[in-house]
Amino acid sequence: GTPQKYDPTFKGPIYDRGCTDVICCVLLVIAIVGYVVVGVVAWTHGDPRKVIYPTDSRGQFCGQQGTPNEYVVLCRARILDSLLLLGKAPVCRSFPVSSSPIQICVSKCPDRYLTYLSAYSSRTPGELEYYRHFCVPEFKNLQKAPIKVLKDKECPAMIIPSTPLARRCFPAIRAKKGVIMVGNETTYDDGHGRRRNVTELLEGAKKANVVLETRQLAMKIFEDYTVSWYWIIIGLVIATVASFIFIVLLRFLAGIMVWVMIVMVILVLGYGIFHCYMEYAKLKGEAGSDVSLKDLGFQTDLRVYLHLRQTWLAFMIILCIVEVVIILLLVFLRKRILIAIALIKEASRAVGHIMMSLLFPFCTFFLLCLCIAYWASTAVFLSTSNEAVYKVFNETACQFSGQTCKPETFNTSNVTKLCPDAQCLFAFYGGETAYHKYLIILQFFNVFMFFWLANFVIALGQVTLAGAFASYYWAFKKPDDMPAFPLFSAFGRALRYHTGSLAFGSLILAIVQVIRVTLEYLDHRLKAADNKFAMFLLSCLKCCFWCLEKFIKFLNRNAYIMIAVYGTNFCTSARNAFSLLMRNIIRVAVLDKVTDFLFFLGKLLIVGSVGILAFFFFTQRIKLVQDTAPPLNYYWVPILTVIVGSYLIAHGFFSVYGMCVDTLFLCFLEDLERNDGSAEKPYFMSPNLKKLLKKTNKGQPDA
């Protein structure tokens, strides 16, 4: 592209500007109105209880709507079939395979093996009464012949010991000394006088056992959060204070802080290597410590891995590699680090004059939380907006079999006259209206709008910060020539004039992200097909769109800076920003990326320091507060929470600095192209940058 020419009227962000990309602004407004309509319709038809509560064969929720019993059992002829329906429960009724599974709400899950025939003929008082709890609510006649009861589908042929999970009853399968058992038995009566081995239940119950183990893990993690949540909050507060202090110190001691940061990161990694070596040496000779990770396999209790020498050896090797890579990068980029420090110092001054910019990420975070909450609630209501569908089921031939029916009018319809054994039973949640037919499209629209609005919020934050920091750079006498409220002025300009441009840039990014999500979904669905060519093609497409998303994010970020400064539309801004960066590709590749690397080291220092402090506290290795640390099932739960939270907090603070550096860098390149340091075309850069680059303003004193 052509370098920018000197413009005597240009004095920073243009205030006399017009609206850009109006069509995209109108499209965004229409899309938001449509999104609100979709949300209202979803909230009208949806019922989130369907996600939590099971239903009986009438489509009623267990524990609600006249069914006070809490759990549901699924009755079907083949045990294996029902167990494979994860989320349902043990087979207990002898029906033909073609019939619908019957779900019954019960007050508690069965705790013993029992068939209806044995309960009926048992002399033990209360045996049949106990069995009646697992029959349909209308069953009252205990003297009715067993054959007639089973034929009328009023009671299951058998029940087996079960355990509740998510309000559903699962067979209580366990292994004792390598023997598979349900309850305390290895065989069971199938209700037809045949003894079967419980291993027939194993294949279907494997999924249930995985869910049970996951549930136990989740409960332990929840318990850890309940006893450590306030310590986690304290850790996050420490991370916030440390990040803020670090940012404030950068303003006054940028050069020293950068070098201290580099040394501290190297020391922290060095201590990590030393600690791993000490743990590795301490485990030498201990029983079981030489077991390999491959032989151990996956364990839900992660503390098991810390008793293996191979775990600490792996940690030590990883930390050594990271240490060596960082040292080599510092050696080869030592000269460029000085220029990066100058940019950070300049950014420190800019942030110091616009301190409100440090709080602006909280506004962006709040808006993103609103987007996430609206998307998640709409998705739940859309997925639960199906209606209860009832079908005709029968054991003999019937022309109405499988047709939709209504339980309220079924007994008075012609179906019962032509097919006496037919029943109108709950089949599934669905619907045959136009709304139900297009639910998948509404879900797709929900995902698309989430990406669009989330990217728009991020873009609004970037343009606002860019406009504020650009007003600092293009002030010839800093800070005297700066506007009174640069952050609010930039925010107002972005919303008033450039909503369409922000919508345009975020729309392009949202389309690419939706395509990536679609590819991930297709990849997940095609894994079972084991098609090598399809997997290869999907991998290539996923890689290409990942690269495209990264490029668009980079281009959008710089385009937003140009929009904030010049007030041009998105395409013009993107073209000018890209051309400017390409004309200075060496500076971009070195200075900008070195600065990003230094910011990464700052995040690493804060996260590493807070993480190490959390590790020593929750593992009760700090003697002063050893009794204060709460007892935990997994001490890695609060530690990981503190580490992830600390990174997000540090990223929020450093993102302001990153946007400031990017804005100043782009303005710096524009300054070099527009001006030459003469009296007519003086440089706007700070005296320190001019001194570092050996530039001067001839005939004028430096501001």
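The values are calculated or read from the model by the stated rules, or taken from the named source; none is laboratory data. All of these numbers come straight from a predicted model, not from anything done at the bench. No Cβ is skipped: glycine too gets one built from the backbone with ideal geometry, and neighbour counts run over all protein chains shown. The area values use the complete protein model at the heavy-atom level, side chains included, leaving out ligands, DNA and RNA. Shrake-Rupley method; radii C 1.70, N 1.55, O 1.52, S 1.80 Å.
The condition (being more than 36 Å from the chain's Cα centre (by Cα) and either assigned by the TED database to the domain that holds Asp662 or touching a residue at least 12 places away in the same chain (Cβ under 8 Å) (or both)) is satisfied by just one residue among Ala342, Ala397: Ala342.
Among the criteria (1) in contact (Cβ under 8 Å) with a residue 12 or more places away in the chain; (2) under 29 Å from Tyr473 (Cα atoms), the one Ile326 does not fulfil is (2).
Among the residues in segment 667-681, are any in contact (Cβ under 8 Å) with a residue 24 or more places away in the chain and under 25 Å from the mean Cα position of the chain (by Cα)? Checked segment 667-681: no residue is in contact (Cβ under 8 Å) with a residue 24 or more places away in the chain and under 25 Å from the mean Cα position of the chain (by Cα). Scan segment 556-565 and give yes if some residue there is at pLDDT 90 or above, crowded, with 19+ Cβ neighbours inside 10 Å and of a type in the set (Lys, Arg), otherwise no. Yes, segment 556-565 has at least one match.
Among residues of segment 130-155 that are assigned by the TED database to the domain that holds Tyr120, those with a beta-carbon under 6 Å from a residue that is among the β-branched types (Val, Ile, Thr) and in a helix (DSSP H, G or I) at least six positions away or on a different chain give the pairs Cys155/Val149.
Of the candidates Leu507, Leu519, Leu548, the single residue that is within 23 Å of Leu370 (Cα to Cα), in the same structural domain as Arg349 (by the TED database), part of a helix (DSSP H, G or I) and modelled with pLDDT of 90 or more is Leu507. When Lys406, Lys417 are screened for being touching a strand residue (DSSP E or B) at 6+ places or on another chain (Cβ under 7 Å) and over 30 Å from Leu519 (Cα atoms), only Lys406 passes.
So, of the residues in segment 345-371 that are closer than 18 Å to Ala466 by Cβ and without any contact (Cβ under 8 Å) to a residue 60 or more places away in the chain, which turns out to be least open to solvent (accessible area, probe 1.4 Å)? Filtering first and then ranking leaves Met355. Taken over segment 318-342, the criterion of being open to solvent by 40 Å² or more (accessible area, probe 1.4 Å) and under 23 Å from Lys695 (Cβ atoms) is satisfied by Leu333, Arg334, Lys335, Arg336, Leu338. Listed here are the helices (runs of 4 or more DSSP H) enclosed by segment 115-221 that have at least 3 residues being modelled with pLDDT of 65 or more and open to solvent by less than 40 Å² (accessible area, probe 1.4 Å): 127-131.
When Tyr635 is tested against the conditions (1) closer than 22 Å to Leu338 by Cα; (2) under 25 Å from the mean Cα position of the chain (by Cα), the lone failure is (1). When Gly272 is tested against (1) surrounded by fewer than 19 Cβ atoms within 10 Å (Cβ to Cβ); (2) farther than 23 Å from Ser348 by Cβ; (3) of a type outside the set (Asp, Glu), exactly one condition is not met: (1). Identify all residues within segment 499-512 that are open to solvent by less than 20 Å² (accessible area, probe 1.4 Å) and out of contact with any Leu (no Cβ under 9 Å at 6 or more places or on another chain); write none if there are none. Answer for segment 499-512, where residues must be open to solvent by less than 20 Å² (accessible area, probe 1.4 Å) and out of contact with any Leu (no Cβ under 9 Å at 6 or more places or on another chain): Ser501, Leu509.
To keep it simple, each residue is scored yes or no on (1) within 42 Å of the chain's Cα centre (by Cα); (2) within 30 Å of Pro361 (Cβ to Cβ); (3) touching a residue at least 40 places away in the same chain (Cβ under 8 Å).
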| site | (1), (2), (3) |
| --- | --- |
| Glu408 | no, no, no |
| Thr412 | no, no, no |
| Thr416 | no, no, no |
| Leu425 | yes, no, yes |
| Asn455 | yes, yes, yes |
| Gly467 | yes, yes, yes |
| Met482 | yes, yes, yes |
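Conditions (1) over 30 Å from Gly270 (Cβ atoms); (2) open to solvent by less than 10 Å² (accessible area, probe 1.4 Å); (3) in a helix (DSSP H, G or I), marked per residue:
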position	(1), (2), (3)
Phe615	no, no, yes
Asn633	yes, no, no
Leu648	no, no, yes
Val661	no, yes, yes
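Checking the structure you have, find out if any residue of segment 475-487 is farther than 30 Å from Gly352 by Cα, assigned by the TED database to the domain that holds Leu453, assigned to a helix (DSSP H, G or I) and not basic (Lys, Arg). Scanning segment 475-487, I find no residue that is farther than 30 Å from Gly352 by Cα, assigned by the TED database to the domain that holds Leu453, assigned to a helix (DSSP H, G or I) and not basic (Lys, Arg), so the answer is no. The set of residues in segment 313-323 that are touching a residue at least 12 places away in the same chain (Cβ under 8 Å) and either out of contact with any helix residue (DSSP H, G or I) (no Cβ under 7 Å at 6 or more places or on another chain) or hydrophobic (A, V, I, L, M, F, W, C) (or both) comprises Leu313, Ala314, Phe315, Met316, Leu319, Cys320, Val322. Which one is modelled with the lowest pLDDT among residues in segment 275-303 that are among the aliphatic types (A, V, I, L, M) and open to solvent by less than 70 Å² (accessible area, probe 1.4 Å)? Out of the qualifying residues, it is Leu302. Here the condition is being assigned by the TED database to the domain that holds Leu664, in contact with a His (Cβ under 9 Å, 6 or more places away or on another chain) and open to solvent by 30 Å² or more (accessible area, probe 1.4 Å); of Asn576, Asn569, it holds for Asn569 alone. Of all residues in segment 350-409, those satisfying the criterion of being among the polar types (S, T, N, Q) and within 30 Å of Tyr473 (Cα to Cα) are Ser357, Thr364.
Taking Leu502, is it touching a residue at least 24 places away in the same chain (Cβ under 8 Å) and part of a helix (DSSP H, G or I)? Yes.
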